[in-house]
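Enquirer: Sharing a structure with you now.
The values are calculated or read from the model by the stated rules, or taken from the named source; none is laboratory data. This structure is a prediction, so every number in the text was calculated from the model and none was measured. No Cβ is skipped: glycine too gets one built from the backbone with ideal geometry, and neighbour counts run over all protein chains shown.
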Amino acid sequence: MRQENDIQKLVRTLRARAPDDAAELLARESPEFIRDALELLPDRHARKVAEYLPPQRRPIKTHTDGKDLAIPEAIVELMDPIPASVAVGTTVAAAVEAVRRAQVPTELTYLYITDDGDKLVGLVVLRDLMLSEADATVDQIMLASPFALHVDMPLSEACKAAVRRHYPVYPVVDAENRLLGQVRGWRLFEQQIIEISAQPGQMVGVQKEERSFTPLFSAFLKRHPWLQLNLLTAFIAAFVVGSFTGTIEKIVALAAFLPVLAGQSGNTGCQALAITLRGLALGDVDKRPKLHLVLREGALGIANGLLVGLVAAAAMWFYASQQPESASQAPMLALVILLAMSGSCLMSGISGVLIPLGLRRVGADPAVASAIFLTTVTDIVGMGLMLGLATTLVL
């Protein structure tokens, strides 16, 4: 049986590696050794490593009663122990010796400087430490009052801080600035990539926890409720169209342009939605007034709607003029398409901003099923506007 110090040594290596690399290294060990090593890793990192292990070598369960286990979204879940630190006033020679005594000196990026109360005072880059005079003190070469992550900081806020700073390692402190641990930058960037890559799926009701190896029944339970909601909203749009059955029967040409209008306004809204979700993930949305973003996307929507509407209006004019029953109505039908396209694209652009902001306001995930709600709004407004204008202006 492997000794405990062998497990501890491997665990230190696993903590410093990405989950896929750690899993490749751990898969060479016995099942008992894998189980013991994963129990010593932070819960979040252990689960990620286990996901990359071959199924037959996963000693921990990722599901209980068919449900995913909750994973805390706190920075402490990604935190590693401090590899080396020295007190204020320590000489460079003594600091170098402290680095040599570190359990895994090759993993050191910074040497942390603390006071008598273990409060973070500064940090020293190892290169500067090795190039300094032996009798100098760390106070003379350290970076004073470095940026640090708070132990209770949500992962989303920590990821935003990492995006702006790009540091390889971040110290973690408590409310009194006591040094508790450190978080490697690649782990924060990994988390940010997961959040952003999950957005397209969340927009259509796919939860971010679902992966390609998620059990079939569990994936079904996650997805199906959103499809039922989508069906309900589709019925609402169908009701709007059904209210203008008489108009469609008299002007058959309108039926051919309903999917054109829905597609263009939907794409315009999805563009605005994607930019808004990206801004929420990176913290850009909170840097400017929300009204500015709404006006910006509204202006883009109506500008794109006018240009696309002109092309669609020309197509309607040509199409209607070829139909004996609507040839005389071709100019007015072209105007209807132009106005409806412009108005629906304007509304879809504004909705692409207001829907995720509204979801965040009520405490919901801004990305969850946003596209379903957006599709409902664009279909109702676009089709209702076109059929209503045709009823008013043509009939």
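Enquirer: Sort out which residues of the range 355-370 are part of a helix (DSSP H, G or I), hydrophobic (A, V, I, L, M, F, W, C) and either free of Cβ contacts under 8 Å to residues at least 60 places away in the same chain or closer than 24 Å to Leu307 by Cα (or both), and write them in order of number. Working first, answer last.
Expert: Here is the first cut: in the range 355-370, the ones part of a helix (DSSP H, G or I) are 355-361, 370.
Narrowing further to those that are hydrophobic (A, V, I, L, M, F, W, C): 355, 357, 359.
Of everything in the range 355-370, just one residue is part of a helix (DSSP H, G or I), hydrophobic (A, V, I, L, M, F, W, C) and either free of Cβ contacts under 8 Å to residues at least 60 places away in the same chain or closer than 24 Å to Leu307 by Cα (or both), namely Leu359.
Enquirer: Sticking with this one: Considering only residues of the range 343-395 that are of a type in the set (Val, Ile, Thr) and touching a Phe, Trp or Tyr at 6+ places or on another chain (Cβ under 8 Å), which is nearest to Ala274 (Cα to Cα)?
Expert: Keep residues of the range 343-395 that are of a type in the set (Val, Ile, Thr), which gives 350, 353, 355, 362, 368, 372, 375-378, 380-381, 391-392, 394.
Still in the list and also touching a Phe, Trp or Tyr at 6+ places or on another chain (Cβ under 8 Å): 355, 372, 391.
Values: Ile355: 11, Ile372: 14, Thr391: 34 Å.
So, considering only residues that are of a type in the set (Val, Ile, Thr) and touching a Phe, Trp or Tyr at 6+ places or on another chain (Cβ under 8 Å), the one nearest to Ala274 (Cα to Cα) is Ile355.
Enquirer: Any residue at all in the range 164-185 that's at pLDDT below 85, among the hydrophobic types (A, V, I, L, M, F, W, C) and not in a loop (DSSP other than H, G, I, E, B)?
Expert: no
Enquirer: Which numbered condition trips up Ala70, out of (1) at pLDDT below 70; (2) touching a helix residue (DSSP H, G or I) at 6+ places or on another chain (Cβ under 9 Å)?
Expert: Here Ala70 meets the rest and fails (2).
Enquirer: Would you check if Thr392 is in a helix (DSSP H, G or I) and either small (Gly, Ala, Ser) or in contact with a helix residue (DSSP H, G or I) (Cβ under 7 Å, 6 or more places away or on another chain) (or both)? Talk me through it step by step, then tell me what you get.
Expert: On the way: in a helix (DSSP H, G or I): yes; either small (Gly, Ala, Ser) or in contact with a helix residue (DSSP H, G or I) (Cβ under 7 Å, 6 or more places away or on another chain) (or both): no.
When the stated conditions are applied, Thr392 does not pass them.
Enquirer: Being more than 23 Å from Trp186 (Cβ to Cβ), modelled with pLDDT of 70 or more, crowded, with 18+ Cβ neighbours inside 10 Å and not small (Gly, Ala, Ser) is the requirement here; does Ile113 meet it?
Expert: Numbers: more than 23 Å from Trp186 (Cβ to Cβ): yes; modelled with pLDDT of 70 or more: yes; crowded, with 18+ Cβ neighbours inside 10 Å: yes; not small (Gly, Ala, Ser): yes.
So Ile113 fits the description; yes.
Enquirer: Applying the selection to the range 123-134, what residues are touching a strand residue (DSSP E or B) at 6+ places or on another chain (Cβ under 8 Å) and crowded, with 19+ Cβ neighbours inside 10 Å? Spell out the reasoning first.
Expert: Residues of the range 123-134 touching a strand residue (DSSP E or B) at 6+ places or on another chain (Cβ under 8 Å): 123-126, 129, 134.
Listed by number, the residues that qualify are Leu123, Val124, Leu129.
Enquirer: Considering only the range 265-324, state which residues are among the hydroxyl-bearing types (Ser, Thr, Tyr) and over 20 Å from the mean Cα position of the chain (by Cα).
Expert: First, pick out the residues of the range 265-324 that are among the hydroxyl-bearing types (Ser, Thr, Tyr): 265, 268, 276, 319, 321.
Answer for the range 265-324, where residues must be among the hydroxyl-bearing types (Ser, Thr, Tyr) and over 20 Å from the mean Cα position of the chain (by Cα): Ser265, Thr268, Tyr319, Ser321.
Enquirer: Please work out which residue is modelled with the lowest pLDDT, limiting yourself to the range 355-367 and to residues that are at negative phi and surrounded by fewer than 20 Cβ atoms within 10 Å (Cβ to Cβ).
Expert: Restricting to residues being at negative phi and surrounded by fewer than 20 Cβ atoms within 10 Å (Cβ to Cβ), the top hit is Asp365.
Enquirer: Can you say whether Ser351 is more than 20 Å from Thr247 (Cα to Cα) and at pLDDT 90 or above, as far as the supplied structure shows? Show your work before the answer.
Expert: Details: more than 20 Å from Thr247 (Cα to Cα): yes; at pLDDT 90 or above: yes.
For Ser351, the condition - more than 20 Å from Thr247 (Cα to Cα) and at pLDDT 90 or above - is met.
Enquirer: Could I ask something else about it? In the list Ala144, Ala175, Ala158, which residue meets the criterion of being crowded, with 19+ Cβ neighbours inside 10 Å, in the same structural domain as Val86 (by TED's automatic domain parsing) and touching a residue at least 12 places away in the same chain (Cβ under 8 Å)?
Expert: Numbers: Ala144 fails: crowded, with 19+ Cβ neighbours inside 10 Å; Ala175 fails: crowded, with 19+ Cβ neighbours inside 10 Å.
None of the others qualify; the one that does is Ala158.
Enquirer: Quick check on Leu111: is it in contact with a helix residue (DSSP H, G or I) (Cβ under 9 Å, 6 or more places away or on another chain) and assigned by TED's automatic domain parsing to the domain that holds Pro81? Break it down into steps so the answer makes sense when it comes.
Expert: Values: in contact with a helix residue (DSSP H, G or I) (Cβ under 9 Å, 6 or more places away or on another chain): yes; assigned by TED's automatic domain parsing to the domain that holds Pro81: yes.
Against the criterion (in contact with a helix residue (DSSP H, G or I) (Cβ under 9 Å, 6 or more places away or on another chain) and assigned by TED's automatic domain parsing to the domain that holds Pro81), Leu111 qualifies.
One line per residue, one yes/no per condition, for (1) surrounded by fewer than 20 Cβ atoms within 10 Å (Cβ to Cβ); (2) assigned to a helix (DSSP H, G or I):
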position	(1), (2)
Ala299	yes, yes
Glu325	yes, no
Ile337	no, yes
Met383	no, yes
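Enquirer: A follow-up question, please. Kindly evaluate Thr276 against the criterion of being more than 13 Å from Thr375 (Cβ to Cβ), in contact with a helix residue (DSSP H, G or I) (Cβ under 6 Å, 6 or more places away or on another chain) and at pLDDT 85 or above.
Expert: Spelling it out, Thr276 is indeed more than 13 Å from Thr375 (Cβ to Cβ), in contact with a helix residue (DSSP H, G or I) (Cβ under 6 Å, 6 or more places away or on another chain) and at pLDDT 85 or above.
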